[in-house]
Every structure is written in structure tokens, then in C-alpha cells.
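FYI, it's all coordinate maths here, none of it is from the lab. Quantities reported herein were computed from a predicted structural model and do not represent experimental measurements. A quick note on method: Cβ atoms are made from the backbone with ideal geometry, for glycine too, and the neighbour counts reach across all protein chains shown.
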Amino acid sequence: METSRRQFCKSVAAISVLTAAGTKFASAALAQTSTPTKEETMTFTLPELPYAQNALEPHISANTLSFHYGKHHQAYVTNLNNLVKDTPWASASLEDVIKESAKDASKAGVFNNAAQVWNHTFYWNSMKPNGGGAPKGELAKKIDKDFGSFDAFKEAFKQAGTTQFGSGWAWLVLDGDTLKVTKTGNADLPMVHGQKALLTMDVWEHAYYLDFQNKRPDYISTFLDKLVNWDFAEKNLG
Ligand code: MN3
């Protein structure tokens, strides 16, 4: 995942310089020329959206994406960085942080934020402008085999999205060698259940409320008919 790619960055902390006299001072001029005294990892960063914020209109508005990507997704990244700061997880991959924190109930805060960083990046890629339609190739064949038909898959996916009580996600996953539709609550995600995610749909209210208000089923139909990115799901099937 792009989010797990760590980047070295000039830390803001580098503008605070401890002088020989022990006086701590910050200088804007120094900040422009100084380099970190040690390599500090930036840990987790917000990946770029795969399209412009208005690219999913008229189905999902730029207003929704500006909050959902710019505020919600960004907040999960910021929270995660604060939570793992000065811990071994600050230099781990996002996937490893998710899998390790999932095993420890006392690390629920780390898990929730790390998983939400991953889930949202996966969700943006699960949609595209002029999406929708039907899958092709191997994925199309496998959907027919495992669900009976593409329509049966769509019905199962709609059902998962509408019946997820409260916040969560609907997924198309590969479980062993079988495609399944699942739903998860809050930040929960397939990788901690031994499943491989192919596609996801955010059903937290913030994903649809500005555009669809309380009509979650309309958002779900729009996701399937106008937005879903089958190329991405096909790639994930491998
Ligand atoms: Mn969301």
C-alpha cells in the first residue's frame, strides 16, 4: 500500500535547536537551512486521492470528499502518528501496525486509527469516475461461480451495506479460494480475519450524509451503479 511507504522528512522538531549553551530556541531562518540531526521517519502520510475531489460528482460531491478525505482521513493519519510516536510502530508498515495492534485490546486506539487509514485509502481506490458496470475476465467468472450470478453478488453487497448496524464497511473479499461479501463494524477489516480485500464501501454516515442524508440504500445503489472500480478489484484478485 502506498500508505505504508515511509518517507524521510524534515521534522518540524528540527527547527528547535539545542545550542552548546543549552539554550533552546527556534528560528525560522534556521528551519530553512538546517537538516535533522538524526533521520526521523515521517511514519504515516495521507496518500493522494486517485482523482480530483469533484471527480465523483454528481454522485458524491466535492463537499463530501473535502470533509471525508481532507478532514476524516487526515485525522486518522494524524492521530496514528501521534499514537505511535517514539514506539517501534513508528517505523513499521501500516499493515504490521494493524495486525499487531489487533491482537492487543489495550491498543484499540492504535488499531482503530491505523485500520481507518488503510480502509479509507482502499475505499478511494474502490471507486472511480464513470465507474459501475460489471466486472470482466477472471473476476466476472469467479463472481458467477461463487455467488451464482452478478445480480446475486449485487444483492448480497447491498444487503451487507444496509444491514451493517451503525458505522462500518461492506466488503468483497477472498476467503481462502472463495469470494464472499462481508460487513465489519467501525474500523474492523478483512486482513485481521485472514481474508484478502478486493473492494470496500464505507457505510459510516459521513460517507453519504451530505449527499444522500439518511438514504443509505440510495448511496449503496449509486456506489454499485455509478462508482465502483472493477479494475481495482480485478487487480486485487491477482
Ligand atoms: Mn469514512
Cα-projected label distance for A108 with S221, points at 7 Å along beta-carbon direction, nm: 3.7
Under the Karplus curve 6.51 cos²θ - 1.76 cosθ + 1.60, θ = phi - 60°, whole-Hz ³J(HN,Hα) for region 142-154, x wherever Gly or Pro sits: 6, 5, 4, 5, 8, 10, x, 6, 5, 4, 5, 4, 4
Loop sites in region 125-228: trypsin sites (Lys or Arg not before Pro), DSSP, at most 15 other Cβ within 10 Å: K136, K215
Pairwise label distance in nanometres, N82 with D231, each label 7 Å out on the Cα-Cβ vector: 3.8
Neighbourhood net charge (15 Å Cβ-Cβ; Lys/Arg +1, Asp/Glu -1) for L199: +3
Phi-based couplings in Hz for region 199-204 (Karplus 6.51, -1.76, 1.60; Gly and Pro marked x): 7, 9, 9, 6, 10, 5
Derived scalar couplings ³J(HN,Hα) [region 183-195; Karplus, 6.51 cos²θ - 1.76 cosθ + 1.60; whole Hz; x for Gly, Pro]: 9, 9, x, 6, 9, 4, 8, x, 4, 8, 10, x, 10
R0 of 22 Å, Cβ-Cβ distance A134-T178: FRET efficiency to nearest 0.05: 0.65
